[in-house]
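Trainee: I have a structure here, written as C-alpha cells, and I will follow up with some questions on it.
The values are calculated or read from the model by the stated rules, or taken from the named source; none is laboratory data. Please read these numbers as outputs of a predicted model, since none were measured by experiment. Here the Cβ positions follow ideal geometry from the backbone for every residue, glycine too, while neighbour counts run over all protein chains shown. Side chains included, ligands, DNA and RNA excluded: accessible areas come from the protein's heavy atoms. Shrake-Rupley method; radii C 1.70, N 1.55, O 1.52, S 1.80 Å.
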Amino acid sequence: MEDADVLAGLPDEDSLFDLAELFKVFGDSTRIKILFVLLKNSMAVNTIAEALNMTQSAVSHQLRILKTNGLVKYERNGKSLIYSLADDHVTSILNQGLDHIGE
C-alpha cells in the first residue's frame, strides 16, 4: 500500500490535535465520575459534590474543564447553575468506553 493511500483517510492536523485534547479530558477519573453522575440526571454543583463526597470548589473546577471542552452545559435556575451532559455524543463515548473495557 502506498503512503499516499494510508494518509488519504487521515483527518487534518487540527482535527487530530483537537481529538487528542478531548481524550485527555477523559483521562481523569474525577471528571469521568462527574460525567456518569450527570448521565443519570442534571444537577447543581452542590448536589454533584454531595453525591461524590467532594468539595464544591473541586467539582466546579472539573466542571469548568468539562464545559470548556464541550462535554457539559448548564442552565441558570435562579441563583443555581444546573449542569447536564452537552449532548448524546457524550453518552455514547461513555457507554462505548465501558463496552470496550468490558470485552
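Trainee: Consider only pairs whose beta carbons are under 6 Å apart and that are at least six residues apart or on different chains; among these, list those whose first residue lies in segment 44-65 and is within 20 Å of residue 76 (Cα to Cα) and whose second residue is at pLDDT below 95 and not charged (D, E, K, R).
Mentor: From residues that are within 20 Å of residue 76 (Cα to Cα), the pairs are 44/80.
Trainee: Could you check how many residues of segment 51-69 are among the polar types (S, T, N, Q), under 22 Å from residue 89 (Cα atoms) and open to solvent by 50 Å² or more (accessible area, probe 1.4 Å)?
Mentor: Selection size over segment 51-69: 2.
Trainee: Here is a further query. Would you mind telling me which numbered condition in (1) acidic (Asp, Glu); (2) within 15 Å of residue 36 (Cα to Cα); (3) assigned to a strand (DSSP E or B) residue 75 fails?
Mentor: (2)
Trainee: Moving on to the next point. Pick out the one residue from 6, 45 that is among the β-branched types (Val, Ile, Thr) and modelled with pLDDT under 95.
Mentor: Just a single option satisfies the conditions, and that option is 6.
Trainee: May I pose another question? Since residue 88 meets every condition but one in (1) at negative phi; (2) surrounded by 10 or more Cβ atoms within 10 Å (Cβ to Cβ); (3) not aromatic (Phe, Trp, Tyr), which condition does it not meet?
Mentor: With (1) at negative phi; (2) surrounded by 10 or more Cβ atoms within 10 Å (Cβ to Cβ); (3) not aromatic (Phe, Trp, Tyr) applied to residue 88, the lone miss is (2).
Trainee: Hey, any hits in segment 35-50 for a residue that's in a helix (DSSP H, G or I) and surrounded by fewer than 10 Cβ atoms within 10 Å (Cβ to Cβ)?
Mentor: Yes, segment 35-50 has at least one match.
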